[in-house]
Amino acid sequence: MPTYEFEARDATGQEIRDVIETTTEEEALATIRQMGYFVTKIHVKKGAAKKGVSGQRKRSFAIGRVKSKHLTTFTRQLSILQDAGLPILRSLKILEGQCRGGRLKNTLMDVCDEIEQGATLSEAMSKSPKVFNRLYVNMIKAGEAGGALESILQRLADFMERAESLKRKVRGAMIYPSVVIFVAVAILTFIMTWIVPVFQEMFEEFEIPLPKMTLLLISISTGVKTYWWLIPIIPISLFIFIKLVRKFRHGRMGWDIFILRVPIIGKLIEKNIMARTTRTLGTLVSAGVPILECLTITRETAGNAVFERMYGKVIEAIREGETIAKPMQEHSRLGFHPIAAFFWALLLAGPFIGIIFAPGLRDTGYMMTAGGAALGALICIAKMRSRVVDDLVVNMIDVGEETGELDTMLYKVADTFDEEVRTLTDGLMALLEPILIVFLGVSVGFIVISLFLPLVELISNLSG
């Protein structure tokens, strides 16, 4: 508990100098007034905070960021304690005592220290931006200004729980196909490395003329057996390449435009971002945060360059006196980007590049690779006029602005897109299983037919 030094005057006008120990400066002022003194100056005694209980606690070593589920749990518990009427400092100390050693516990210790020295909760949290982002801090600041901190904490906890639930849903949907694809690649690698070379030796021994399918299979088998180490390196290199491209502003814009129009996955990402950004904006508007600050925070939490550009244009338009709906409709088109065209060409031409190195199939490989690249560029051009915000969203926001219920309409939009994300995720799960079965069937069928055709000719020659 901090110690405050104060100067005051009593009823006769005599000057009083003394110290008092209280939790906050407000409590100190109230106590001094109850003593019949008029305060003229008050401040925290130097070194007092360091001698307090919080200063004696040891902070554990911590690396990385606080997990979103831990922060969500903390927010919900803090809202419950505030609703019960506990002082904010006591609530924070209770939750800090429950936390395991790590960044969140260390941060709560820092927040408690700041509050004991006279800072508000939002000011204390703003000094830990790696844990409490601008959305979080501004919500708390709005709650303090309006005297409804417990209500704001409940809204913030609801918002974070919905976002966390949606994130878990999407991540859970990706586990099954990832495992199946990994197993399928492992099985096909085994066939190419150990089974096909046995047939290749047999065909060479009998000097059988091989069809193009068999030549392609043998070429793939030779490549896999010789360059097996490329199987893990190629996806890792591609991941690193995309990360490097996204480090640059134009590269990030091109990749985000491309990923938003990949079949199925693009729609899922688009609706997920719409649900998150509209709920963020609605939560901030309902908390009483100024609209420009709301849009700035929403832009920062979008996580996609296309949406960041759109919200940036909306902010510029509002500064010029316009509403949200019109600029959102005008600036929600994807547009053409050369890096997006490059990724589309790579997506459709990449699978055929290996054919170029197959014996006797080089011309076919060049033709298929060029055709895939051209088709990818055409798809990119065809999708440049598509929008990430449909008319329904624009009209609902427009109605919300006209009726003064913008936050309610934004919540409805977010709920709609949350449900669409769940539906898309369930549909994707239902669709992935037959797609993976077809992929495995085609792969195995290609291998069997490629090996069976020379065997038929071999049997025919032996019979003759």
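Observations on the model:
- A single member of LEU104, LEU81 is in a helix (DSSP H, G or I) and in contact (Cβ under 8 Å) with a residue 24 or more places away in the chain, and it is LEU104.
- Residue in region 254-273 that is free of Cβ contacts under 8 Å to residues at least 40 places away in the same chain, closer than 26 Å to GLU150 by Cα and either touching a helix residue (DSSP H, G or I) at 6+ places or on another chain (Cβ under 9 Å) or surrounded by 21 or more Cβ atoms within 10 Å (Cβ to Cβ) (or both) present: no
- Verdict on VAL413 being surrounded by fewer than 19 Cβ atoms within 10 Å (Cβ to Cβ) and more than 22 Å from PRO263 (Cβ to Cβ): no
- Whichever residue in region 318-333 is surrounded by 19 or more Cβ atoms within 10 Å (Cβ to Cβ) and more than 20 Å from ARG252 (Cα to Cα) and, among such residues, is nearest to the chain's Cα centre (by Cα): MET328
- Set THR222, THR226, THR277: member being closer than 30 Å to VAL314 by Cβ and among the hydroxyl-bearing types (Ser, Thr, Tyr): THR277
- THR214 vs. criteria surrounded by 15 or more Cβ atoms within 10 Å (Cβ to Cβ) and either free of Cβ contacts under 8 Å to residues at least 24 places away in the same chain or assigned by TED's automatic domain parsing to the domain that holds ARG422 (or both): yes
- Pick from region 308-324, criterion touching a residue at least 24 places away in the same chain (Cβ under 8 Å), in a helix (DSSP H, G or I) and touching a Leu at 6+ places or on another chain (Cβ under 9 Å), ranking: nearest to PHE132 (Cα to Cα): TYR311
- Check on SER221, of a type in the set (Gly, Ala, Ser), in a helix (DSSP H, G or I) and buried (at least 21 other Cβ atoms within 10 Å of the Cβ): yes
- Of residues in region 276-303 being under 12 Å from the mean Cα position of the chain (by Cα) and crowded, with 23+ Cβ neighbours inside 10 Å, the one farthest from GLN329 (Cα to Cα): ARG276
- Neighbours by Cβ (under 7 Å, 6+ apart or cross-chain): first from region 380-392, farther than 24 Å from THR416 by Cα and in contact (Cβ under 8 Å) with a residue 40 or more places away in the chain; second small (Gly, Ala, Ser) and exposed (fewer than 15 other Cβ atoms within 10 Å of the Cβ): MET384/GLY335
- Among the residues of region 146-180, those that are under 20 Å from ASP83 (Cα atoms) and not aliphatic (A, V, I, L, M) comprise GLY146, GLY147, GLU150, SER151, GLN154, ARG155, ASP158, PHE159, GLU161.
- For LEU135, the conditions (1) modelled with pLDDT of 85 or more; (2) closer than 24 Å to ASN106 by Cα; (3) buried (at least 16 other Cβ atoms within 10 Å of the Cβ) are fulfilled apart from (1).
To keep it simple, each residue is scored yes or no on (1) under 20 Å from ILE273 (Cβ atoms); (2) at pLDDT below 85; (3) surrounded by 16 or more Cβ atoms within 10 Å (Cβ to Cβ).
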position	(1), (2), (3)
GLY335	yes, yes, no
LEU375	no, no, no
LEU378	no, no, no
ASN395	yes, no, no
VAL399	no, no, no
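- Filter result for GLY143 (within 30 Å of ASP83 (Cβ to Cβ), loosely packed, with under 14 Cβ neighbours inside 10 Å and either outside the structural domain of ILE449 (by TED's automatic domain parsing) or of a type outside the set (S, T, N, Q) (or both)): no
- From the list PHE206, PHE190, PHE159, the one residue that fits, being aromatic (Phe, Trp, Tyr), more than 28 Å from THR22 (Cβ to Cβ) and without any contact (Cβ under 8 Å) to a residue 40 or more places away in the chain, is PHE190.
The values are calculated or read from the model by the stated rules, or taken from the named source; none is laboratory data. Keep in mind that what you see is a predicted model, and the values were worked out from it rather than measured. Backbone-built Cβ (ideal geometry, glycine too); neighbour counts: all protein chains shown.
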